[in-house]
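The values are calculated or read from the model by the stated rules, or taken from the named source; none is laboratory data. Fair warning: this is a prediction, and the values are worked out from it, not measured in the lab. Backbone-built Cβ (ideal geometry, glycine too); neighbour counts: all protein chains shown. Accessible surface is based on the protein model in full, side chains and every heavy atom, while ligands, DNA and RNA are left aside. Shrake-Rupley method; radii C 1.70, N 1.55, O 1.52, S 1.80 Å.
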Amino acid sequence: MTDQTDFMVLYCELGIEPDCSMEGLRLAYRRRVADLHPDRGGDAGEDELKALNKRYAAAIDFHRHHGRLPGAAAPAPALRRHAFAERPLIAVAVEEEPLQERRRRSKFVVYGIVVVAVLGAWWLTRTDASLPEFLDGVAGDQRQIRPSAAIALRRGMHAREVAAMLGDPVDRTLGGTHWDYGPSWVRFACGQVTDWYSSPLRPLRASRSRPPDMAGSASAQVAPRCPPDS
């Protein structure tokens, strides 16, 4: 590096620092040229002015290529722009995650309500026992529309009433005293209901799984002796 391109000599002569702005460099250069000009009483020779002009032009050219004056710290405009551009993306990601989580929770809540309502309705149709407290409120509406005992199977009900309530059976066996409704069945003696089984796979309408005094018991009731036909 020659004296004419020694930028530290330029900075010292102009009284500026390497991190000076371009506007500060121009102002300092103009003041220095004015001080050296013979019209203002300067005693600088032509060679000194030429050296100053050459160093100034070299500094301008360096700034044009590197975006900074010689000796100044290199700026990182690209990094700053990159960081600024990513901030909205990060903010969006942070905002979207709670929204997705809320949607996921809302789906679970809806599914849970449906499951509880179905369980409550099933409980009401299968038993006379009161619902657990956490199901009672959900199934309250179902309780109001529960079929009355008048249309449920009961011992002594005539076969005609059973047919009207349940429809024709899939099959009649044991001389017509055993009516099959798929996995469910109804037994008769003397044309009246004596026993039944309501399977969860195809439950009998509005009926217990077994007669009240037969629930939980596998023993068969002894069929009564029917009066002879007149």
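Within the set of pairs 6+ apart or on separate chains, which have a first residue in segment 182-195 that is β-branched (Val, Ile, Thr), a second that is part of a strand (DSSP E or B) and buried (at least 20 other Cβ atoms within 10 Å of the Cβ), and C-beta atoms under 6 Å apart?
Here the result reads 186/179; 186/196, each pair linking segment 182-195 to a residue that is part of a strand (DSSP E or B) and buried (at least 20 other Cβ atoms within 10 Å of the Cβ).
For every residue, the table says whether it meets (1) open to solvent by less than 80 Å² (accessible area, probe 1.4 Å); (2) at pLDDT 70 or above; (3) within 16 Å of residue 207 (Cα to Cα); (4) aromatic (Phe, Trp, Tyr).
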residue: 95; (1), (2), (3), (4): no, no, no, no
residue: 115; (1), (2), (3), (4): no, yes, no, no
residue: 119; (1), (2), (3), (4): no, yes, no, no
residue: 145; (1), (2), (3), (4): no, no, yes, no
residue: 183; (1), (2), (3), (4): yes, yes, yes, no
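Between residues in segment 7-33 that are under 12 Å from residue 52 (Cβ atoms) and residues that are β-branched (Val, Ile, Thr) and open to solvent by less than 50 Å² (accessible area, probe 1.4 Å), which pairs lie under 8 Å by C-beta distance while being six or more apart or on different chains?
Filtered contacts from segment 7-33: 28/16.
Kindly establish whether residue 175 is open to solvent by 30 Å² or more (accessible area, probe 1.4 Å) and either under 45 Å from the mean Cα position of the chain (by Cα) or small (Gly, Ala, Ser) (or both).
yes
Taking the stated definitions as given, is residue 170 of a type in the set (Val, Ile, Thr) and modelled with pLDDT of 90 or more?
Taking the combined requirement at face value, the residue satisfies it.
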